[in-house]
Structure formats: C-alpha cells, structure tokens
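Student: Handing you a structure now.
The values are calculated or read from the model by the stated rules, or taken from the named source; none is laboratory data. In this text, all values refer to a predicted model and were calculated from it rather than measured experimentally. Here the Cβ positions follow ideal geometry from the backbone for every residue, glycine too, while neighbour counts run over all protein chains shown. In case anyone asks, the SASA skips ligands and DNA or RNA and just uses the protein heavy atoms, side chains included. Shrake-Rupley method; radii C 1.70, N 1.55, O 1.52, S 1.80 Å.
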Amino acid sequence: VSFFLLRVNWYCVHTKPQKEAQVAAYLKDTLNLETYYPRLREYRTIRRVRKLVTAPLFPRYLFCRFDSSRDYRSVRYAPDAIDVVHGGSKPAIVQDPLIEELKKWAGEAFDIIAIKPPLRAGDQVQVTEGPLQGLPATILHTSEDQERVSILLSFLQCGAQMVVNRTQVRPL
C-alpha cells in the first residue's frame, strides 16, 4: 500500500475554456479521482450592475491527484480536457503544500475564495467613479451588508458627507 501512495501526486489539468467544472466532475465522479478546483468569489461591475460572481481562480486549470502510471491517459483524454501540464517530457507534479495552502486560504466554503478588501471607519480612500472621481475622502462608517460606505469628502476646506457603493472607492 505504501508503494501506491508514493506514486499518487497532484497534477495540474489544462481544460477547454469554461469547462473546468465539467472536467472536475468527470474526474471525480467517473474516474473516482480526487480533484481540487478553487474558485474566486468577488463583486464585479458588469454592464454597470454590481454582481457577485464566482469564477475559477485559475481559468482553464484545475488540480487532480492520481497515479500517473495508471491514470494519466484517462485524465489526459477526459472530455473537455486539453492535457496534463508538463515540465519537460513528464507531467509536472504540484507539491502537496501548495494545494494545502490554497485549501487553507479558501476555507471550508466549497473551495471558494472570497476577497473583500476591508474598509473601516477612518480609512483614507479615493473616489474612483462618478462626477467626484479622483477626490480624496475618509470612511465615516460602513453599512451592515458591507456594500455601501459613508464617506466624508474633503475639498475646498469644507466636508461633504455622502453614502456610496464600496466599489466606487479604493484605499489610498
């Protein structure tokens, strides 16, 4: 049994565009292999609408743990897979600590990594959108949902307070 474990490694699988989930499901459900498909959840502005989007952390790539001498061809020729990433003439082994670090970063949320830059009262920011773009401001307070922040604009020696979407400011 220990001989078998020594040959099982993590590898990176290159997929067709937007087929990462299908390849991961095939490798896991059909071939009974361990897969790791990290995704990133973040807010993006799409056609002027702010949406929570979940996308692959590494577009067109996922990780699979298998014995290359036994499972390489099955993985390589899986539907919608392009190839196993190579380092020279051999498949490139992804070290276990890297996968563990990614899993630790993602937490328990189904391998989904959420990035929310924390904004706190007193933080100095710059307005990035709208007619006040480029002006410096100070965060007064954040709302419960963390989507909107109250800012104090500082220009012309007077302060104007307003509430904006957190995507309209960036830390200085």
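Student: Of the residues R73, R44, R50, only one is part of a helix (DSSP H, G or I) and either under 30 Å from I151 (Cα atoms) or modelled with pLDDT of 80 or more (or both); which?
Tutor: Just a single option satisfies the conditions, and that option is R73.
Student: If you don't mind, another one. Between a first residue in segment 61-77 that is in contact (Cβ under 8 Å) with a residue 24 or more places away in the chain and a second residue that is open to solvent by 70 Å² or more (accessible area, probe 1.4 Å), which pairs have beta carbons less than 6 Å apart while being 6 or more apart in sequence or on different chains?
Tutor: The qualifying pairs are R65/E34; D67/R7.
Student: For the subset of segment 137-152 comprising residues that are open to solvent by 50 Å² or more (accessible area, probe 1.4 Å) and assigned to a loop (DSSP other than H, G, I, E, B), which member is modelled with the highest pLDDT?
Tutor: The selected residue is Q146.
Student: Check whether at least one residue in segment 128-136 is hydrophobic (A, V, I, L, M, F, W, C) and either modelled with pLDDT under 70 or within 27 Å of the chain's Cα centre (by Cα) (or both), and report yes or no.
Tutor: For segment 128-136, residues hydrophobic (A, V, I, L, M, F, W, C) and either modelled with pLDDT under 70 or within 27 Å of the chain's Cα centre (by Cα) (or both): absent.
Student: Restricting to segment 23-39, count the residues that are buried (at least 17 other Cβ atoms within 10 Å of the Cβ) and either charged (D, E, K, R) or out of contact with any helix residue (DSSP H, G or I) (no Cβ under 7 Å at 6 or more places or on another chain) (or both).
Tutor: 4
Student: Among the residues of segment 76-99, write down those that are open to solvent by less than 50 Å² (accessible area, probe 1.4 Å), small (G, A, S) and assigned to a loop (DSSP other than H, G, I, E, B).
Tutor: Scanning segment 76-99 gives A78, A92.
Student: Same structure, new question: For residues in segment 53-70 being buried (at least 17 other Cβ atoms within 10 Å of the Cβ) and of a type in the set (A, V, I, L, M), which is modelled with the lowest pLDDT?
Tutor: So the residue we want is L57.
Student: While we're looking at this one, here's another question. Got at least one residue in segment 17-34 being in contact (Cβ under 8 Å) with a residue 24 or more places away in the chain, in contact with a Leu (Cβ under 7 Å, 6 or more places away or on another chain) and assigned to a strand (DSSP E or B)?
Tutor: Within segment 17-34, none of the residues are in contact (Cβ under 8 Å) with a residue 24 or more places away in the chain, in contact with a Leu (Cβ under 7 Å, 6 or more places away or on another chain) and assigned to a strand (DSSP E or B).
Student: Pick from G87, G107: which is within 30 Å of P17 (Cβ to Cβ) and modelled with pLDDT under 80?
Tutor: Answer to the check: G107.
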